[in-house]
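Here the structure comes first, spelled out in structure tokens, and everything after it is commentary.
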Amino acid sequence: MIINYCDVALFVKYSYEEAEPQTWDYPGSPHSAYIESVMVNDVDIFDLLSQEQLHDIECLILESYE
């Protein structure tokens with residue numbers, strides 16, 4: 001998926017897990033995305049990003065599913 005973050009086009013490879021509904025004996029779980037790599041011009045910059053930046057990118061991914 002290509003995401004525009006801070007005016008930079010990022011190609012993000014990730015895995016996605018759908019939300020699980022709540023039942024009477026299970027609290028459920030929200031949907032989630034796990035980033036595997038973040039590429040800019042064929043260079044993986046995943047290790048250069050802060051936890052806050054990765055969280056922001058995950059939020060952008062999840063917004064695309066809503």
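Based on what the data block shows, is residue 48 open to solvent by 70 Å² or more (accessible area, probe 1.4 Å), aliphatic (A, V, I, L, M) and modelled with pLDDT of 95 or more? Before you say what the answer is, go through the steps one by one.
Values: open to solvent by 70 Å² or more (accessible area, probe 1.4 Å): yes; aliphatic (A, V, I, L, M): yes; modelled with pLDDT of 95 or more: yes.
Yes: the conditions hold for residue 48.
Cβ-Cβ distance below 9 Å, separation of 6 or more or different chains: which pairs start in segment 50-66 with a residue that is more than 11 Å from residue 35 (Cβ to Cβ) and end on one that is open to solvent by 60 Å² or more (accessible area, probe 1.4 Å) and at pLDDT 95 or above?
Between residues of segment 50-66 that are more than 11 Å from residue 35 (Cβ to Cβ) and residues that are open to solvent by 60 Å² or more (accessible area, probe 1.4 Å) and at pLDDT 95 or above, there is no close pair.
Tell me, which residue of segment 11-21 that is open to solvent by 60 Å² or more (accessible area, probe 1.4 Å) and at pLDDT 95 or above is nearest to the chain's Cα centre (by Cα)?
13
Return the total of residues in segment 22-45 being over 20 Å from residue 64 (Cβ atoms) and either touching a Ser or Thr at 6+ places or on another chain (Cβ under 7 Å) or open to solvent by 100 Å² or more (accessible area, probe 1.4 Å) (or both).
So the answer is 7.
Are there any pairs, at least 6 apart or on different chains, whose C-beta atoms fall under 6 Å, with the first in segment 23-42 and free of Cβ contacts under 8 Å to residues at least 60 places away in the same chain and the second open to solvent by 90 Å² or more (accessible area, probe 1.4 Å) and among the basic types (Lys, Arg), and if so, which?
Final answer for the pair search is 36/13; 37/13.
Does residue 61 satisfy the condition of being open to solvent by less than 50 Å² (accessible area, probe 1.4 Å) and in a helix (DSSP H, G or I)? Walk me through how you get there before you give the answer.
Working: open to solvent by less than 50 Å² (accessible area, probe 1.4 Å): yes; in a helix (DSSP H, G or I): yes.
Against the criterion (open to solvent by less than 50 Å² (accessible area, probe 1.4 Å) and in a helix (DSSP H, G or I)), residue 61 qualifies.
The values are calculated or read from the model by the stated rules, or taken from the named source; none is laboratory data. For clarity, every value in this text was computed on a predicted model and none was experimentally measured. With ideal geometry, Cβ positions are generated from the backbone for all residues, glycine too; neighbour counts draw on all protein chains shown. In case anyone asks, the SASA skips ligands and DNA or RNA and just uses the protein heavy atoms, side chains included. Shrake-Rupley method; radii C 1.70, N 1.55, O 1.52, S 1.80 Å.
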